[in-house]
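The values are calculated or read from the model by the stated rules, or taken from the named source; none is laboratory data. All of these numbers come straight from a predicted model, not from anything done at the bench. Every residue, glycine as well, gets a Cβ built from its backbone with ideal geometry; the counts of neighbours run over all protein chains shown. Surface accessibility is based on the protein's heavy atoms, side chains included, excluding ligands, DNA and RNA. Shrake-Rupley method; radii C 1.70, N 1.55, O 1.52, S 1.80 Å.
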Amino acid sequence: MALFLAAAVPLAMADLVPGFGALALVGVVAAMALAAIDLRATPRPDAVTVERIADPQLSIGARNRVTLHVRNPFARPLRLTLRDTVPDSFDVDRRAIALPVASGGEGDATYAARPRFRGSFRFGAVHVRLRGPLDLIERQGRVPADAPANVYPDLQEIRRYEVSLRRGLAYDAGQRRARIPGAGSLFERLREYQPDDDPRSISWTATARRGRPIAVEYETERQQRLLVLLDAGRMMASTLGTLTKLDHAVNTALMLAYVGAAKGDEVGLLGFADDVRSYLPPRRGRGQFLRITEELRRIAVTTTESDYRSAFEFLRARAARRALIVLFTDLVDEEASRSLVAAVTRLAGNNLVLCCLLADPELAEVAARVPDSTVALYERVVAREIRDARAKALATLRRRGVHTIDVPSDRLTVATIQRYIELKKRFL
């Protein structure tokens with residue numbers, strides 16, 4: 001552009017001095033010739049190797065590191081600008097990234113992607129723009145890099161928990177599983193046979209090896225059954241921060257399933273709204289945790305009213321054994337509170353139920369704010385009515401033997417895990 005503008009000066013003076021017209025033409029031709037040389041010396045963008053490096057399991061609402069790895073196969077250095085094609089539901093901190101790469105070398109361009117929704121998405125092509133060596137032109141093209149982008153609940157919280165566990169800073173740091181000797185099925189130890197011991201407890205192999213009677217002592221099994229229930233109805237569709245209430249609950253449910261599986265409990269999952277959307281019978285082991293992770297990725301919030309009675313009857317028909325049931329739901333209006341309290345009370349007849357609710361800090365703020373207008377007064381009255389109805393429903397649940405948690409979203413995971421550990425420690 002500067003060369004063409006420079007040629008415009010003699011062109012404007014061509015009417016006064018005829019030779020300036022020829023000078024302007026020479027300038028334009030020279031600029032075009034230099035641009036053609038620069039274009040020819042600039043490699044095609046699709047000749048550059050670009051590889052996207054990202055975690056195959058992205059975490060919702062968290063910063064996920066994505067790296068574009070570039071290899072320069074040419075004998076001259078390259079100056080690139082990269083722009084990745086990310087799903088529309090991803091927020092990124094940098095759209096276009098400038099990257100110089102030495103001749104025959106490699107370089108990395110890194111950005112952070114923060115998904116707003118769970119589910120299956122796809123990355124697209126990487127747009128590459130190369131600057132010519134004379135800085136006159138840029139060549140732009142696309143490098144095919146289509147790849148899946150599967151968004152899960154916050155898996156990074158599990159990695160942080162594992163690090164905290166190694167450092168002794170985890171929720172349950174310092175706790176050990178109580179071993180109660182008895183007529184259980186888990187091996188505890190070998191010991192000398194006593195006269196009042198049951199002869200069936202003699203280990204004949206150990207007796208033959210040691211030359212004296214040796215008895216086997218077992219401990220009573222304390223592994224328990226944990227069922228996670230997720231309400232995906234309209235009550236969980238509102239947003240707290242950047243995530244819906246269901247997304248906050250799903251993140252906590254994943255962490256709870258991980259801790260429960262690590263402690264040897266049977267962990268199951270039930271997702272419901274107006275009908276049952278997902279069900280995994282309780283099982284032990286890492287395989288069950290991976291299945292729960294996949295199911296949690298697929299559970300989506302709906303705008304329908306939740307049918308608690310139908311979901312709980314479905315569960316009672318398939319899980320007759322007593323279990324700790326952790327229910328993630330919310331209470332707003334009186335009608336929903338009434339149906340929930342009735343259904344949970346029946347469920348608590350042969351189970352231990354922990355009802356986890358998400359408190360809305362904005363609701364508490366509006367209820368306590370001094371109104372300065374008619375609209376603010378109306379909002380305060382409504383907020384207080386919702387708060388009082390919620391407190392009344394929680395009090396009713398507690399009177400009927402249901403344990404409850406009502407905390408903001410940033411404290412939900414820690415509060416739920418600590419309450420689970422407390423209930424487990426008390427063998428309730």
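With axes computed from alpha carbons, what is the tilt in degrees of helix 245-262 against the longest principal axis of the chain, rounded to the nearest 10 within 0 to 90?
The angle comes out near 60 degrees.
Compute the distance in nm between two label points, each set 7 Å from the Cα along the Cα-to-Cβ direction, one at T85 and one at Y279.
Label at T85, label at Y279, 4.2 nm between them.
To check you understand DSSP bridge types, tell me what percent of the beta bridges within the chain (both residues inside) are antiparallel, rounded to 5. Working shown, then result.
Numbers: 54 of 80 bridges.
Restricted to the chain, the bridges split so that about 70 percent are antiparallel.
Using 0.36 nm times the number of residues separating V414 and V375, minus their current alpha carbon distance, what extension gain do you get? Before the final figure, lay out each step's value.
Details: separation 39, 0.36 × 39 = 14.04 nm, distance 3.67 nm.
Difference between extended and current length: 10.4 nm.
Report, ordered by chain and residue number, the lysines lying within cross-link reach of K392, taken as a straight Cα distance under 26 Å and ignoring same-chain residues fewer than 8 apart.
Hits, sequence-local ones excluded: K245.
Choose one of T110, S89, P148: the residue whose Cα lies farthest towards the positive end of the charge dipole of the range 83-170 (beta-carbon charges +1 Lys, Arg; -1 Asp, Glu; about the Cα centre).
Of T110, S89, P148, it is S89.
Expected output is a single nm value to one decimal: the length gained when fully extending between T304 and V92, i.e. 0.36 nm times separation in residues minus the C-alpha distance. What is it?
Working: separation 212, 0.36 × 212 = 76.32 nm, distance 3.19 nm.
Gain on extension, T304 to V92, equals 73.1 nm.
How much length is gained on full extension from M13 to V29, taking 0.36 nm per residue of separation minus their Cα-Cα distance? Present the calculation step by step, with values, prior to reporting the outcome.
Numbers: separation 16, 0.36 × 16 = 5.76 nm, distance 1.80 nm.
Extra length from M13 to V29 when fully extended: 4.0 nm.
Excluding residues on the same chain fewer than 8 positions from K263, give the lysines whose Cα lies under 17 Å from its Cα.
Reachable lysines: K424, K425.
Restricting attention to the range 315-385, which trypsin sites (Lys or Arg not before Pro) occupy a DSSP loop and are surrounded by at most 14 other Cβ atoms within 10 Å? Working shown, then result.
On the way: sites: R316, R318, R321, R322, R338, R346, R369, R380, R384; in loops: R321, R322, R369.
Those that pass, being in a loop and sparsely packed, are R321, R322, R369.
Can you pull the one-decimal nm distance between simple spin-label points at A2 and H69, each 7 Å off the Cα toward Cβ?
3.8
For the range 23-77, report the accessible area per residue in Å² (1.4 Å probe, heavy atoms, rounded to an integer). Provide the component values of the computation, followed by the final result.
Working: 3060 Å² over 55 residues.
Solvent-accessible surface per residue comes out at 56 Å².
Quick one: which of 269-279, 46-56, 407-417 comes out on top by average Cβ neighbours within 10 Å, and what's the full order, highest first?
Values: 269-279: 19.3, 46-56: 15.0, 407-417: 17.5.
Put in order of decreasing packing, that is 269-279, 407-417, 46-56.
With a 1.4 Å probe and every protein chain kept in, tell me what percent of the accessible surface of the chain is carbon plus sulfur. If you can, show how the numbers build up before the last one.
On the way: 12280 of 22750 Å².
Carbon plus sulfur share of accessible area: 54 percent.
Report the charge-dipole magnitude of the range 55-148 in Debye, nearest 20, computed about the Cα centre from +1 at each Lys and Arg Cβ and -1 at each Asp and Glu Cβ. Each step should come with its number before you reach the end.
Details: 16 positive and 10 negative charges, 21 e Å.
I would put it at about 100 debye.
Under unit Cβ charges (Lys, Arg +1; Asp, Glu -1), what dipole magnitude, rounded to 20 debye, does the chain have relative to its Cα centre?
Numbers: 65 positive and 51 negative charges, 329 e Å.
Computed about the Cα centre, the dipole is about 1580 debye.
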